[in-house]
Amino acid sequence: MKLFLSESDPITWALIFVDALPFSPMNLSSLGLRFGSLAGKVYSQSNNQGPQVPCLFIFGDSLVDNGNNNDILTLARADYGPYGIDFPQGATGRFTNGRTFVDILAQLLGFPNYILPYARARGRALLQGANYASGASGIRDETGNNLGDHMSMNQQVDSFARTVQQLSRYFKGDGSALGNYLSKCIFYSGLGSNDYLNNYFMTDYYSTSSEYTPRTYAASLIQEYTKQLTELYNLGARKVVVTGVGQIGCIPYQLARYDGNGSRCNEEINNAIALFNTGLKRLVDRFNKGQLPGAKFVYLDSSQSSQDLVLNAKTYGFEVVDEGCCGVGKNNGQITCLPLQTPCDDRQKYLFWMRFIQLKLLTFYLPRKPTFPSPNTCISDQQQQLAML
């Protein structure tokens, strides 16, 4: 199943926000201001009825990390200002100025609170899910090691396995009842960008570019990702949302390093990403055609959306498309946002929050042809279809 956004269904708006820009998220404030009233209305309606699914489990990198890196030895952390400058709780470990995509997804699904980071989730709170995402992480274990410690996808899956063991106590050891409960939950997984930015294309630290061609590297990532997603299935996941990788050749970090000879983006990276995304689409198709019986996978195509956003940024109200709102060096993209650094004054005009991450809710406003489930699906129906995958 492939999901595109429709201007009339906010759940799809939320789901399509996966610009898989490496280790930092977007400044969800710009378009978020325009989206706020709609999201607030839908959240209010959903919350009055209670969550539409019992739990939400999240796997990924800094795009959705909400605090798991706070207490580990790493440069990939965001538990200091000005991160969270537009978030009510301030700097929490979210690599953005405000909410992350999964924060908004949780609201739209009717959860009364944001899903807790696994590092802080305890006891019965795990019944609503947990966020295992870790900034700088990737599909490969060594990805992101240049930035310090992190939880790779393999480690995140291992953490979920421990969660399943913990949850079994609330079902009195009844594996069938626990499996039935987990089958109703939504699992979100968004990885891959760091496997390129903090691995394959970081040739002074990693050797993968000399060991693999772009095509064989993408195939290797898909092979490993297949094992990881299959293990989630074996642990009880049945409704799984996986995201492709966005146009990371267009982010400030790459623009600061790249002499494009007139090109707006580093197309070598974007072309390599396209190979991965193609493989991921095919993987989702195989899973849905019986390779994992009873599972329903949704692929979120962020590549076309992020490309449209970069090429037509001014159409969406952005004036600065090649610099981070917060950062140091060329394009504000060479060094990440520093502690207590003063970010740009008018964040609504900037496409990127920092060298890797875009501003908060940009892609909620990327009008694309809806192919699931129909152009005229109303808000409540779309929420129900997501919950009832």
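The values are calculated or read from the model by the stated rules, or taken from the named source; none is laboratory data. Note that the coordinates shown come from a computational prediction; the quantities given were computed from them, not determined experimentally. Note that each Cβ is placed from the backbone with ideal geometry, even for glycine, and that neighbours are counted across all protein chains shown. All accessible areas refer to the heavy atoms of the entire protein, side chains included, with ligands and DNA or RNA removed. Shrake-Rupley method; radii C 1.70, N 1.55, O 1.52, S 1.80 Å.
For every residue, the table says whether it meets (1) in a helix (DSSP H, G or I); (2) touching an Asp or Glu at 6+ places or on another chain (Cβ under 8 Å).
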| site | (1), (2) |
| --- | --- |
| GLY135 | no, yes |
| VAL157 | yes, yes |
| THR163 | yes, no |
| THR216 | yes, no |
| GLU224 | yes, no |
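Taken over the stretch 147-171, residues that are open to solvent by 40 Å² or more (accessible area, probe 1.4 Å) and either at pLDDT below 95 or closer than 28 Å to LEU197 by Cα (or both) amount to 5.
Applying the criterion of being open to solvent by less than 10 Å² (accessible area, probe 1.4 Å) and under 20 Å from LEU167 (Cβ atoms) to the residues of the stretch 181-227, the residue that is farthest from the chain's Cα centre (by Cα) is LEU182. Condition first: aliphatic (A, V, I, L, M) and closer than 16 Å to GLN341 by Cβ. Now tell me which residues in the stretch 67-114 satisfy that. The answer is LEU75, ALA78, ILE85, ALA91. For the stretch 328-341, filtered to residues that are within 16 Å of ALA91 (Cβ to Cβ) and crowded, with 20+ Cβ neighbours inside 10 Å, the residue that is modelled with the highest pLDDT is CYS337.
When the stretch 104-134 is limited to residues that are buried (at least 24 other Cβ atoms within 10 Å of the Cβ) and of a type outside the set (A, V, I, L, M, F, W, C), the one that is farthest from ASP61 (Cα to Cα) turns out to be GLY129.
Restricting ILE85, ILE72 to those that are surrounded by fewer than 23 Cβ atoms within 10 Å (Cβ to Cβ), modelled with pLDDT under 90 and in a loop (DSSP other than H, G, I, E, B) reduces the list to ILE85. What residue, among those in the stretch 50-69 that are open to solvent by 10 Å² or more (accessible area, probe 1.4 Å) and either at pLDDT below 95 or β-branched (Val, Ile, Thr) (or both), is nearest to GLN156 (Cα to Cα)? If we take residues in the stretch 50-69 being open to solvent by 10 Å² or more (accessible area, probe 1.4 Å) and either at pLDDT below 95 or β-branched (Val, Ile, Thr) (or both), then LEU63 is nearest to GLN156 (Cα to Cα).
Residue check: is ARG94 in contact (Cβ under 8 Å) with a residue 24 or more places away in the chain, basic (Lys, Arg) and surrounded by fewer than 17 Cβ atoms within 10 Å (Cβ to Cβ)? It is false that ARG94 is in contact (Cβ under 8 Å) with a residue 24 or more places away in the chain, basic (Lys, Arg) and surrounded by fewer than 17 Cβ atoms within 10 Å (Cβ to Cβ). Is it fair to say ALA133 is in contact with a strand residue (DSSP E or B) (Cβ under 9 Å, 6 or more places away or on another chain) and within 23 Å of ARG162 (Cα to Cα)? So ALA133 passes the test.
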